[in-house]
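Engineer: The structure's right below; bear with me while I get my questions together.
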Amino acid sequence: MVSVVACGGGSGASAGGSGVGDPYFPEAGNSGYDVGHYALDLAYDPRAHRLSGTATITARAREDLSALTLDLEGLEVEEVTVDGVAARWSRAGRELTVRPREAVEGTFRVAVRYAGAPVTVTDPDGSQEGWLRTADGALALGEPVGSMAWFPGSHHPSDKATYAVAVTVPSGLRVVSNGEPAGEERKGSRTTYRWRTGEPMASYLAMLAIGRFEVRRTVTAGGLPVYTAVDPEQAGAGRAVLARIPEVLEWAERTFGPYPFSSAGAVVERPEDAGYALETQNRPVFPGAPDIVLLVHEIAHQWYGDSVSPRSWRDMWLNEGFATYAQWLWQEEHGGDSAQRIFDLLYAGSYFPDAGTNEALWSFPPAEPPGAADISATSVYWRGAMVLHRIRQTVGDDSFFALLRGWAREHRHGNAGTGDFTAYVERSAPGEDFTGIWEDWLYGEGRPERP
């Protein structure tokens, strides 16, 4: 999180606005400035469980700022500079407060040198993120705010940036991150791996995987690099499904429009090292070899969630509803149930083998999760997909698929909320009435009447 706090500064300097008003993580983000780039130069010793390094954050102030805070969970700060000049700093919980010698304006650069034992963060729903230790290294995951466990920053999805990541580890281990490799260098018993992400990325999509991976680079028929990193224990099980990444990408481009990034791929960890799959940008992470439907889900997120990211965490259904509906479309086109069949089974309460999961579908409207613990609940995924199917039923296939592609194109590398989406749909199909869909399926309580 980045917020801005009052302290001494130059004449006319402002403390800015603390937080961006997210309904579930109100202190996350900052209205005082935007981050443009993160340069992370890190070293990790798995045996000692020690992470050290420097995070250099380039940002643009929206107004003159006399102080600012960065989100950082755990870890010990050793030095902070602003535009190369030593700055005063203090800690309070997850906030690192930085007081530059003079108020900053325009573009400025904050460098934080830090070290310590990185922590695992427990989400409101009980899942774990942040820095996850593995048998041979570590896995860093960040949804929704876990990236604060390994670098300070503006940890809200509305503040996207480019990244340059360098990580030094004992030789014999590999480091995989987002984007594309930018070189590796071995010195003595340690090796430094560099990765760069040139397209904007929300911090919750940043990842690191450190371990004894089998790393491969292939190229799709269209020339897109595909980087995969697989734990040796999963190599046999994962080989066949990962070989289908180019096929899934080709299908997704036909369905959703041009792929939004400059590389693709996947990271496959052991199931005990990662408890869930996550759509980390360019390179989704899987807990063991995925099946084809899960692979489709996470690749679809590259359009919906990664390129078009939520404006706030209340808008998670725009991530998960779209990726879930992508599963339905894949199954429909590859010999499985049609989307209509899945919709009917869900509505009847007979899709899931567990009755409680079927009931959970109607526990709250997908656009209004009750709290932070509910942003990844059943309704967000499956009822969110049902909203999309209701739109498809209303406008017909041709208009619906044009709508999917247009939504991804209009908000490419940006952020969008539910209000943006409903306005876009109404603008795209001006002759249709979507009032019932919004009131009953998107925002309504309980199970709507049968359409």
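Engineer: Name the pairs whose Cβ atoms lie under 7 Å apart, with the first residue in segment 311-336 and free of Cβ contacts under 8 Å to residues at least 12 places away in the same chain, the second of a type in the set (Gly, Ala, Ser), and 6 or more positions between them or separate chains?
Structural biologist: GLU332/SER338; GLU332/ALA339
Engineer: Does segment 70-98 hold any residues that are under 16 Å from ILE57 (Cα atoms) and assigned to a loop (DSSP other than H, G, I, E, B), and which are they?
Structural biologist: Listed by number, the residues that qualify are LEU72, ASP83, GLY84, ALA87.
Engineer: Suppose we keep only residues that are touching a residue at least 60 places away in the same chain (Cβ under 8 Å) and of a type in the set (Ser, Thr, Tyr) within segment 254-305. Which one would you say is nearest to GLU129 (Cα to Cα)?
Structural biologist: Only one residue fits best here, namely TYR276.
Engineer: Right, here's the next one. Looking only at residues that are charged (D, E, K, R) and buried (at least 22 other Cβ atoms within 10 Å of the Cβ) in segment 125-152, which one is nearest to the chain's Cα centre (by Cα)? Outline the logic, then answer.
Structural biologist: Of segment 125-152, the ones charged (D, E, K, R) are 125, 129, 133, 136, 143.
Filter again for buried (at least 22 other Cβ atoms within 10 Å of the Cβ), leaving 129, 143.
Values: GLU129: 12, GLU143: 6 Å.
Filtering segment 125-152 for residues that are charged (D, E, K, R) and buried (at least 22 other Cβ atoms within 10 Å of the Cβ), the one nearest to the chain's Cα centre (by Cα) comes out as GLU143.
Engineer: While we're here: Taking the residues in segment 380-410 that are basic (Lys, Arg) and within 12 Å of PHE256 (Cβ to Cβ) as candidates, determine which candidate is surrounded by the fewest Cβ atoms within 10 Å (Cβ to Cβ). So that I can check it myself, show each step before the final result.
Structural biologist: We begin by selecting, within segment 380-410, every residue basic (Lys, Arg); these are 383, 390, 392, 405, 409.
Adding the requirement that they be within 12 Å of PHE256 (Cβ to Cβ) leaves 405, 409.
Details: ARG405: 17, ARG409: 15.
Taking the candidates together, the pick is ARG409.
Engineer: A further question on this structure: Does at least one position in segment 384-398 carry a residue that is farther than 28 Å from ALA348 by Cβ and within 21 Å of the chain's Cα centre (by Cα)?
Structural biologist: no
Engineer: Here's a follow-up. Determine if segment 414-425 includes at least one residue that is among the aliphatic types (A, V, I, L, M) and without any contact (Cβ under 8 Å) to a residue 40 or more places away in the chain. Talk me through it step by step, then tell me what you get.
Structural biologist: Pass one, segment 414-425, residues among the aliphatic types (A, V, I, L, M): 416, 423, 425.
Keeping just the survivors that are without any contact (Cβ under 8 Å) to a residue 40 or more places away in the chain gives 423, 425.
Yes: segment 414-425 contains one or more residues that are among the aliphatic types (A, V, I, L, M) and without any contact (Cβ under 8 Å) to a residue 40 or more places away in the chain.
Engineer: If you don't mind, another one. For segment 220-230, name all the residues that are hydrophobic (A, V, I, L, M, F, W, C) and farther than 18 Å from ARG196 by Cα.
Structural biologist: Going residue by residue through segment 220-230, those that are hydrophobic (A, V, I, L, M, F, W, C) are 221, 224, 226, 229-230.
Those that are hydrophobic (A, V, I, L, M, F, W, C) and farther than 18 Å from ARG196 by Cα: ALA221, VAL230.
Engineer: Right, another one. Determine the pairs where a residue that is at negative phi and touching a residue at least 24 places away in the same chain (Cβ under 8 Å), located within segment 66-84, has a partner that is open to solvent by 10 Å² or more (accessible area, probe 1.4 Å) and hydroxyl-bearing (Ser, Thr, Tyr) with Cβ atoms under 7 Å apart, the partner being 6 or more residues away or on another chain.
Structural biologist: What qualifies is SER66/SER14; ALA67/THR97; THR69/THR97.
Engineer: Considering segment 50-69 alone, what residues qualify as being assigned to a loop (DSSP other than H, G, I, E, B) and open to solvent by less than 30 Å² (accessible area, probe 1.4 Å)? Spell out the reasoning first.
Structural biologist: Restricting attention to segment 50-69, the residues satisfying the condition of being assigned to a loop (DSSP other than H, G, I, E, B) are 62-64, 66-67.
Matches in segment 50-69: SER66, ALA67.
Engineer: How about segment 362-376: which of its residues are under 24 Å from the mean Cα position of the chain (by Cα) and in contact (Cβ under 8 Å) with a residue 24 or more places away in the chain? Please lay out each step first, then the result.
Structural biologist: Going residue by residue through segment 362-376, those that are under 24 Å from the mean Cα position of the chain (by Cα) are 364-376.
If the condition is that a residue be under 24 Å from the mean Cα position of the chain (by Cα) and in contact (Cβ under 8 Å) with a residue 24 or more places away in the chain, then PHE364, PRO365, PRO366, ALA367, GLU368, PRO369, GLY371, ALA372, ALA373, ASP374, ILE375, SER376 are the ones that fit.
Engineer: Over 20 Å from the mean Cα position of the chain (by Cα), under 27 Å from PRO170 (Cα atoms) and open to solvent by 10 Å² or more (accessible area, probe 1.4 Å): is that true of VAL215 in this structure? If you could, list the steps in order and put the result at the bottom.
Structural biologist: On the way: over 20 Å from the mean Cα position of the chain (by Cα): yes; under 27 Å from PRO170 (Cα atoms): yes; open to solvent by 10 Å² or more (accessible area, probe 1.4 Å): yes.
Against the criterion (over 20 Å from the mean Cα position of the chain (by Cα), under 27 Å from PRO170 (Cα atoms) and open to solvent by 10 Å² or more (accessible area, probe 1.4 Å)), VAL215 qualifies.
Engineer: Restricting to segment 321-364, name every residue that is in contact with a Gly (Cβ under 6 Å, 6 or more places away or on another chain) and closer than 30 Å to ASN415 by Cβ.
Structural biologist: So the first thing to find is which residues in segment 321-364 are in contact with a Gly (Cβ under 6 Å, 6 or more places away or on another chain), and the list is 321, 358, 362.
Listed by number, the residues that qualify are GLY321, TRP362.
Engineer: Restricting attention to segment 267-296, which residues are within 14 Å of the chain's Cα centre (by Cα) and more than 18 Å from SER127 (Cβ to Cβ)?
Structural biologist: The answer is GLN281, ASN282, ARG283.
Engineer: Being of a type outside the set (A, V, I, L, M) and open to solvent by less than 50 Å² (accessible area, probe 1.4 Å) is the filter here, so list the residues in segment 70-101 that pass it.
Structural biologist: Within segment 70-101, the first condition is being of a type outside the set (A, V, I, L, M), and the residues that meet it are 71, 73-74, 76, 78-79, 81, 83-84, 88-91, 93-95, 97, 99-101.
Correct list: ASP71, GLU73, GLY74, THR81, SER90, GLU95, THR97, PRO100.
Engineer: So is PHE261 of a type in the set (Phe, Trp, Tyr), closer than 27 Å to ALA229 by Cα and either at pLDDT 95 or above or surrounded by fewer than 23 Cβ atoms within 10 Å (Cβ to Cβ) (or both) or not?
Structural biologist: Numbers: of a type in the set (Phe, Trp, Tyr): yes; closer than 27 Å to ALA229 by Cα: yes; either at pLDDT 95 or above or surrounded by fewer than 23 Cβ atoms within 10 Å (Cβ to Cβ) (or both): yes.
When the stated conditions are applied, PHE261 passes them.
Engineer: OK, next. Taking ARG412, is it within 23 Å of the chain's Cα centre (by Cα), part of a loop (DSSP other than H, G, I, E, B) and more than 22 Å from GLU445 (Cβ to Cβ)?
Structural biologist: Values: within 23 Å of the chain's Cα centre (by Cα): yes; part of a loop (DSSP other than H, G, I, E, B): yes; more than 22 Å from GLU445 (Cβ to Cβ): yes.
In short, yes.
Engineer: Going by the conditions given, is ALA385 in contact (Cβ under 8 Å) with a residue 60 or more places away in the chain, assigned to a helix (DSSP H, G or I) and closer than 22 Å to SER312 by Cα?
Structural biologist: Judged against the criteria, ALA385 is a match.
Engineer: Among the numbered conditions (1) modelled with pLDDT under 95; (2) of a type outside the set (D, E, K, R); (3) closer than 28 Å to ALA416 by Cα; (4) open to solvent by less than 60 Å² (accessible area, probe 1.4 Å), tell me where ALA39 comes up short.
Structural biologist: (1)
Engineer: Okay, next question. Of all residues in segment 102-115, how many are loosely packed, with under 15 Cβ neighbours inside 10 Å and either basic (Lys, Arg) or in contact with a Ser or Thr (Cβ under 8 Å, 6 or more places away or on another chain) (or both)?
Structural biologist: Here is the first cut: in segment 102-115, the residues loosely packed, with under 15 Cβ neighbours inside 10 Å are 102, 106-107.
If we keep only those that are either basic (Lys, Arg) or in contact with a Ser or Thr (Cβ under 8 Å, 6 or more places away or on another chain) (or both) as well, we get 107.
Here the count works out to 1.
The values are calculated or read from the model by the stated rules, or taken from the named source; none is laboratory data. The shown structure was predicted, so the numbers you read here are calculated from the model rather than taken from an experiment. Backbone-built Cβ (ideal geometry, glycine too); neighbour counts: all protein chains shown. The area values use the complete protein model at the heavy-atom level, side chains included, leaving out ligands, DNA and RNA. Shrake-Rupley method; radii C 1.70, N 1.55, O 1.52, S 1.80 Å.
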